[in-house]
Every structure is written in C-alpha cells, then in structure tokens.
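Written below as structure tokens is the structure these notes are about.
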Amino acid sequence: MSKTITIGDKRVGENCPCFIIAEIGINHNGSVELAKKMIDIAVTTGCDAVKFQKRTIDIVYTKSELAAERKSVFGNTNGDLKRGLEFGVKEYKEIDSYCKKKNIMWFASCWDENSVDFIEKFNPPCYKIASACITDDNLLKYTKSKNRPILLSTGMSTMEEIRHAVSILGEDNLVILHCTSTYPSNADEMNLRVINSLQEEFSCPIGYSGHERGITPSVIAVALGAAVVERHITVDRTNWGSDQAASLETAGLYHMVRDIRQTPVLLGDGIKKVYPRELPIIDKLRRVKGISSKQLTLEVK
C-alpha cells in the first residue's frame, strides 16, 4: 500500500503538491452556462479538478420524499427541485468537452450504482464517495469494481464506520477525506486533528473536504499534512441553493489556492539555519557575534 496514488496525470499524497478540487456540486442550479463559469474560476485560480454530483433521482429518493412539498425555482415539490438540479447526458457531454478544452479534470460523487455507470462513460480520473454514502456497502463495492482511484469523504461518520468502508474499498488507490457535514461548519466542528488520527491509522493519503466559512481551516489542514483539499465553489454566495453559503467565490478560492501552494515553503525542512539575507543584519544588530555567525560571515566573504 502506497502513501501516493495517481489521479489523471497528477501524483497525489506524500511529498506531492496538494491536489485541490473545486466542487461545483449542485451550485450550477441546473444551468450548464453557470457550471462553465465555475469551471473557469477553478482553472484561473489554479485548481487541479472540478467535481459534480450525480444521482438517479427515483433510486436515491423515495416516492414520498419526492412528493413532499418544497418550493423552489423549479416547482413546488422536492421532486421538482431534485430533477431540476440533475444534469443528463447532453449537459455532461458539454461539460466534458469544456473541461477538455480548459485542460482541467472533472469527476463526480455518484450516489447510486446507475450513476456510476453513467459517469463511467466519460472515463473519469477517479470517483468520490459522498459522506452520505459511506455506509452503502453495495455502492462502495460497485464503485471499487471500476478500478479507479476513490476519494472517500467521512462526514457524519464514526471511526468504526470509516474502518468498515475502508475494509471494503482497500487502502490501495484510496484517499480518505476528513469532513464535517454541516453547511457552513462552525469552528468547534472542524476538529482538524482528525487528519493526524487518520494518518496514524491508515496508510493511504489523507485529505480534507471542508464546508467552513473562509479559508483558514483548509490551509491549516494542509499544514497538518492533508494531501487533498476539496471546497465548494460558487459564482455568488447569495445565489439560491443550499450549498452556496458554504462555498467560496473567486477571490476566496484564489487566496486559498495561493496559501495552500505556499504552505510547504512556509513549513520548510525543519533544519535551523542562518539565511544569507540575515548576515548583514547580524553585522548591523549584534554587538557580540556567536562563533557560528562569525564563521558564516567569513564563508560568505
């Protein structure tokens, strides 16, 4: 079992650049043009991939759930909403073509076996198991049968449930994502040290799927060793939709990607040293030079 895996043309894991996923999810509100705008945001800010969600509505939801009253821009029932948010073959063909044009990977979290078959036709670089599906053994086994890398999200899950899911998926070709399924998440719900707990228990790469306000927890997650970061994105956080408030707009995503990319440089190698740009400061500010400082000055001269 390896601490690194390959997703598309990227190595992901130990000593590799953080793999950053911009989750479009259902923030497209049923509009391919809006989805394209978010793909553009992901590309221009330097993300590695975009992610969608795919469901077979009549399988994932019961008839009573679909018939329940729920007012939205699509109609008056929960079924109207769910169907309105779901892209079909035509839309995903357009998305696939656009992502290829923009040279960015795309994939999806599939909530049922039919959806896995649907997305498989597009030759995705990996699959995502949503937190809501972590206890669905049949879906886990079916997704694994496609022999592609899998990202396993762990929101609203116990360690026992995570261990069980991993026993089905295996640790090869797997990334486990620490996650809290509240939208948006509060600071006292982050519990980022779970990243370290997962690193200690499992040999596969560990990442982070965040729903917080702002970007600080995502950057801290990388400092703690997260090999993957996934965040919801949006064109406008005031747009209609349940995930908008926990999403990043362009500026927030830009700053998150920038800070994540800087994190390994900021952490350094842990070896204490005097930097060349500090030497003139030694001459200027120290009344008494240490032995090693004198030697360093001589070596530079």
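The values are calculated or read from the model by the stated rules, or taken from the named source; none is laboratory data. This one's a predicted model, so the numbers in the text were calculated from it and none came from an experiment. Glycine gets a Cβ as well: all are built from the backbone with ideal geometry, and neighbour counts include every protein chain shown.
Being at pLDDT below 95 and closer than 20 Å to ILE21 by Cβ is the requirement here; does ASP243 meet it?
Criteria met by ASP243.
Would you point out the residue of the stretch 82-119, among those that are aliphatic (A, V, I, L, M) and either surrounded by 17 or more Cβ atoms within 10 Å (Cβ to Cβ) or touching a Phe, Trp or Tyr at 6+ places or on another chain (Cβ under 6 Å) (or both), that is nearest to LYS37 (Cα to Cα)? Full working, then the answer.
Taking the stretch 82-119 first, the residues aliphatic (A, V, I, L, M) are 85, 89, 95, 104-105, 108, 116, 119.
So of that shortlist, the ones also either surrounded by 17 or more Cβ atoms within 10 Å (Cβ to Cβ) or touching a Phe, Trp or Tyr at 6+ places or on another chain (Cβ under 6 Å) (or both) come out as 85, 95, 104-105, 108, 116, 119.
Working: LEU85: 16, ILE95: 11, ILE104: 13, MET105: 15, ALA108: 18, VAL116: 25, ILE119: 21 Å.
Here the answer is ILE95.
Would a scan of the stretch 87-99 turn up a residue that is more than 25 Å from TYR208 (Cα to Cα) and not in a helix (DSSP H, G or I)?
yes
Could you tell me which of the residues THR44, THR4 is closer than 24 Å to ILE176 by Cα and among the hydroxyl-bearing types (Ser, Thr, Tyr)?
On the way: THR44 fails: closer than 24 Å to ILE176 by Cα.
When all the criteria are applied, what remains is THR4.
Hey, which of the strands (runs of 3 or more DSSP E) in the stretch 4-76, taking only ones fully inside, have at least 2 residues that are in contact with a strand residue (DSSP E or B) (Cβ under 9 Å, 6 or more places away or on another chain), more than 20 Å from PRO124 (Cα to Cα) and free of Cβ contacts under 8 Å to residues at least 40 places away in the same chain?
On the way: elements: 4-7, 10-13, 19-25, 49-54, 69-72.
Filter on the stretch 4-76 gives 69-72.
Given the residues ASN27, ASN114, ASN103, which is the only one that is modelled with pLDDT under 95 and either outside the structural domain of GLU230 (by TED's automatic domain parsing) or not hydrophobic (A, V, I, L, M, F, W, C) (or both)? Explain how you work it out, then say what you get.
Numbers: ASN114 fails: modelled with pLDDT under 95; ASN103 fails: modelled with pLDDT under 95.
When all the criteria are applied, what remains is ASN27.
Please specify each residue of the stretch 1-23 satisfying the condition of being closer than 19 Å to HIS255 by Cβ and of a type in the set (Val, Ile, Thr). Explain how you work it out, then say what you get.
Keep residues of the stretch 1-23 that are closer than 19 Å to HIS255 by Cβ, which gives 17-23.
Those that are closer than 19 Å to HIS255 by Cβ and of a type in the set (Val, Ile, Thr): ILE20, ILE21.
Can you confirm whether the stretch 284-298 contains a residue that is buried (at least 17 other Cβ atoms within 10 Å of the Cβ) and under 15 Å from the mean Cα position of the chain (by Cα)? Please lay out each step first, then the result.
Step one: of the stretch 284-298, the residues buried (at least 17 other Cβ atoms within 10 Å of the Cβ) are 296.
Narrowing further to those that are under 15 Å from the mean Cα position of the chain (by Cα): none.
No, the stretch 284-298 has no match at all.
Would you mind stating whether GLY13 is at pLDDT 95 or above and either crowded, with 17+ Cβ neighbours inside 10 Å or assigned by TED's automatic domain parsing to the domain that holds ALA226 (or both)? Working first, answer last.
Values: at pLDDT 95 or above: yes; either crowded, with 17+ Cβ neighbours inside 10 Å or assigned by TED's automatic domain parsing to the domain that holds ALA226 (or both): yes.
Answer is yes for this residue.
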